[in-house]
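Colleague: Take a look at this one; I'll ask things after.
All of the numbers you see were taken from the coordinates with simple rules; none came from a lab. Just so it is clear, the structure is predicted and the values come from calculations on it, not from any experiment. Quick reminder, even Gly has a Cβ in these numbers, built from the backbone with ideal geometry, and neighbours come from all protein chains shown.
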Amino acid sequence: MKREFHRLSESSFDVLVIGGGIYGAWAAYDAALRGLSVALVEKNDWASATSSCSSKLIHGGLRYLERPDFGLVRKSLAERSLLGRLAPHRVEPLRFVLPLYAGGRVGRWRLKAGLALYDRLAGRRRRVERHRYLSKASMARSYGFLDAHGLRGGFTYGDCVTDDARFTLEIVSGADAAGAVAVNRARVDALLESGGRIHGARVLDEESGESVEVRANVTLNCAGPWASRLVADIRENAVSGVRLTKGVHLVLPALPTDDAFLVLSPLDRRVIFFIPWYGRTLVGTTDTDFSASPDQIRPTPADVTYLLDEAGRVLGDAAWRESDVISGFAGVRTLAGAAGASPSAVSRELRIDEPFERMLMPVGGKFTSARADAASIVDRAVAALGAESPRSVTDTLPFPWLPDEGLRRWEGRQLGRGLGLGLDEPACLACLGRYGRRVEALFDILQQRRELAAPIVQGFPFCLAEVVYAVRHEMARSLEDVLRRRIPVALVCRPEAGDVQRVALLVAAELGWSNERRRAEVASIVAREPREGGVPENA
Ligand SMILES: Cc1cc2nc3c(=O)[nH]c(=O)nc-3n(C[C@H](O)[C@H](O)[C@H](O)COP(=O)(O)OP(=O)(O)OC[C@H]3O[C@@H](n4cnc5c(N)ncnc54)[C@H](O)[C@@H]3O)c2cc1C
């Protein structure tokens, strides 16, 4: 992927997509695959907002059965199964454990009924395991770190996990390969409107300061938490019934298990997840109304305390402390719902608004269902264009980076090549999963510069060649793009200032940064609070 801002003004497009989160990515990919001319613009980095701050689950959403929201759960479970087939390198099965405590909010038989329904709604073509009951003794044997006080037993059930930022990037790269003009650091600062109809947008190049008018027949406003603000610039209250809530996760040391946990909070009827991810545990999430600018979102000390307290209820002596927090991240949910009910009670179902003629805007939705939702949005765009266009093919096409041959055979072959180039086995296996077939271009860089097989941070399976690859082939433009989203280094470990500087030198050489720019980039990572994914200043 090459960043070519100038191409945005070279022609007019069938479809302009605003926002490079998962909804914008799928919409652009889907439309480009149907033969439409597409521009996709993102003001910051691909997946820099909500789509890199999710719980990373490709799931039906067990808790939505309580509402009940069977339609949403069935649709999401169908997507879970489809994405597992189309992207086995990207979507992995994960076993969840649901501990049962005396006096718990939901009793054993109600949970059993819910899990049986969850299995049933998933249909026959599931890759994940069915639910199972575990006695108190089995729970104690397998998960001895759980607080035994009041533990009555538990259930296990299956769902899936992913790396949301890389998932989104893979779909953007698919859109790019299908002919879309995809540009990050390209901000829509005004919509082009006349007589209530949208004709495109004025787009600012955040790097050069240049502005261009991008003309399009249909504009898809996939700007997530910013979408309502964008249309309010033209007409106040053009959209109503949008609610923003904040969700925080903490990254904590791993628990001694490969399984995830779903814990029912006795306090506020919420669920808290412990999710194994890159050798760490993600603990989340909060769900609180949010009215500030989405640009300002951060985990606060109160969020950290809430999550550690909730985790501490079931971990007893093994509970994490604040000093254990490696990093954290916060995202904004854009929900189709009015104020009033508790944030967790608002449906995650998608609504497609049309605030102006020739503009469509998704509100609500989930990472898991974004593919199917985007197909519906593009169907509506095609109808607005009055064009004859083939139906969506994203439900049959393997993901862009899935190798052509069987995954296991391909992995075996590439592992041999990676080891021969100086990678150790964990780093090599991690690269195969994250880059898929594109790993060959990464290995080509290693072939030229063997010293880049060295780890970015000792003990973690990320190598320096990935930094160069991220800039050359994945449109990374800043240190944060590289260290948070292309490679989740700053999320899962605390790199020392020297590690960050080494990465900055590589990026600077690729992008021609001045010394001043390089120092500023290093400072932007090093000066941050650890809970925001930064490195302590004294490191
Ligand atoms: C805490 C939390 C946990 C979640 N967990 C899960 C989960 O486990 N599984 C699941 O299925 N779903 C989950 N979700 C929901 C899921 O993450 C969201 O539905 C999804 O990421 C929304 O994607 P999006 O593309 O609509 O928004 P975003 O990812 O926010 O993308 C919008 C993009 O638009 C860009 N943009 C904004 N304004 C402009 C402009 N003027 N010009 C150009 N670009 C602009 C932004 O920079 C941003 O990148 C979770 C959500 C949260 C908050």
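Colleague: Please express the Cα-Cα pair-distance distribution P(r) of the chain as a list of whole percents, one per 20 Å bin, running from 0 to the bin with the greatest distance.
Modeller: Whole-percent P(r) values from 0 Å outward: 22, 57, 21, 0.
Colleague: A further question on this structure: May I ask you to derive the FRET efficiency for Ser514 and Arg202 from their Cβ-Cβ distance with R0 = 30 Å, giving the value to the nearest 0.05?
Modeller: The value I calculate is 0.55.
Colleague: Measuring from a point 7 Å past the Cα of Arg449 along Cα-to-C-beta, which residues in the range 419-438 have an amide N at less than 16 Å?
Modeller: The answer is 422-423, whose backbone nitrogens lie closer than 16 Å to the label point.
Colleague: Starting from the 7 Å offset along Cα-to-Cβ, what nm value, one decimal, do you get for the label separation of Ala190 and Glu357?
Modeller: 2.1
Colleague: Now, a different point. Give, as ranges by residue number, the residues of the range 343-375 whose backbone N falls under 19 Å from the point 7 Å along Cα→Cβ of Ala238.
Modeller: Backbone N within reach: 351-364.
Colleague: With a sphere of radius 10 Å drawn around the Cβ of Val489, what net charge do the other residues whose Cβ falls strictly inside it have (Lys, Arg +1; Asp, Glu -1)?
Modeller: It works out to a net charge of +1.
Colleague: So, counting K/R as plus one and D/E as minus one, what does the shell of residues with Cβ under 11 Å around Gly19 add up to?
Modeller: Every neighbour counted, the sum reads +1.
Colleague: Starting from the Cα gyration tensor of the range 263-402, take the square roots of the eigenvalues, sort them a ≥ b ≥ c, and report rounded, prolate or oblate (rounded when a/c is under 1.5, otherwise prolate if a/b is larger than b/c, else oblate). Each step should come with its number before you reach the end.
Modeller: On the way: a/c = 2.75, a/b = 1.88, b/c = 1.46.
Cα axes put the range 263-402 in the prolate bin.
Colleague: I'd like the distance separating the alpha-carbon centroids of the range 427-476 and the range 146-208, in whole Å.
Modeller: If you average the Cα positions of each part, the centres end up 23 Å apart.
Colleague: Once the other residues with Cβ under 14 Å from the Cβ of Ala375 are scored (Lys, Arg +1; Asp, Glu -1), what is the net sum?
Modeller: Numbers: positive: Arg34, Lys75, Arg371, Arg380, Arg391; negative: Asp30, Glu79, Asp373, Asp379, Asp395.
Once all neighbours under 14 Å are counted, the net charge is 0.
Colleague: How far is it, in nm, from the label point at Arg132 to the one at Ala497 when both lie 7 Å from their Cα along the line to the Cβ?
Modeller: Rounded to a tenth, the inter-label distance reads 5.1 nm.
Colleague: Debye calculation, C-alpha points only, no solvent: report log10 I(q)/I(0) for the range 407-532 at q = 0.13, 0.14, 0.16, 0.21 Å⁻¹, in the same order as the q values.
Modeller: -0.50, -0.57, -0.74, -1.21
Colleague: Quote to one decimal, in nm, the extra length available between Asp259 and Ser347 on full extension: 0.36 nm per residue of separation minus the C-alpha distance between them.
Modeller: So the extension gain works out to 28.9 nm.
Colleague: Okay, moving on. Just name one of Val500, Thr285, Pro461: the one whose Cα is farthest towards the positive end of the charge dipole of the chain (beta-carbon charges, Lys/Arg +1, Asp/Glu -1).
Modeller: Sorting the options by dipole projection puts first Thr285.
Colleague: Each label point is 7 Å from the Cα along the Cα-to-Cβ direction; what then is the distance between the points at Asp404 and Glu322, in nm?
Modeller: Reported label-point gap for Asp404 and Glu322 is 5.6 nm.
Colleague: So what are the three principal axis dimensions of the range 92-246 from its Cα atoms, in whole Å, longest to shortest?
Modeller: 67, 37, 32
Colleague: Also, quick follow-up: Among 208-221, 291-304, 95-108, how do they line up by average Cβ neighbours within 10 Å per residue, starting with the highest? Walk me through the numbers on the way to the answer.
Modeller: Details: 208-221: 19.6, 291-304: 14.5, 95-108: 16.6.
With the highest mean Cβ count within 10 Å placed first, the list reads 208-221, 95-108, 291-304.
Colleague: For the chain, what is the relative contact order in percent, using Cα pairs closer than 8 Å and at least 6 residues apart in sequence?
Modeller: 18
Colleague: Another question about this same structure. Arrange the following residues from fewest to most other Cβ atoms within 10 Å of their Cβ: Ile18, Ile326.
Modeller: Ascending Cβ contact count within 10 Å gives the list Ile326, Ile18.
Colleague: Run lengths n ≥ 4 of DSSP H only: what is the helix-derived mean residue ellipticity at 222 nm for the chain, with -39500 (n - 2.57) per run over all residues, to the nearest 500?
Modeller: Here the helix-only value at 222 nm equals -10000 deg cm²/dmol.
Colleague: Fewest Cβ neighbours within 10 Å first, please rank Val242, Val500, Val172 accordingly.
Modeller: The fewest-first ordering by Cβ neighbours comes to Val242, Val500, Val172.
Colleague: Of Lys136/Lys246; Lys2/Lys56; Lys43/Lys366; Lys112/Lys136; Lys2/Lys246; Lys56/Lys246, which pairs sit farther than 25 Å apart, going by alpha carbon to alpha carbon?
Modeller: In this structure, Lys136/Lys246; Lys2/Lys56; Lys2/Lys246 exceed 25 Å between Cα atoms.
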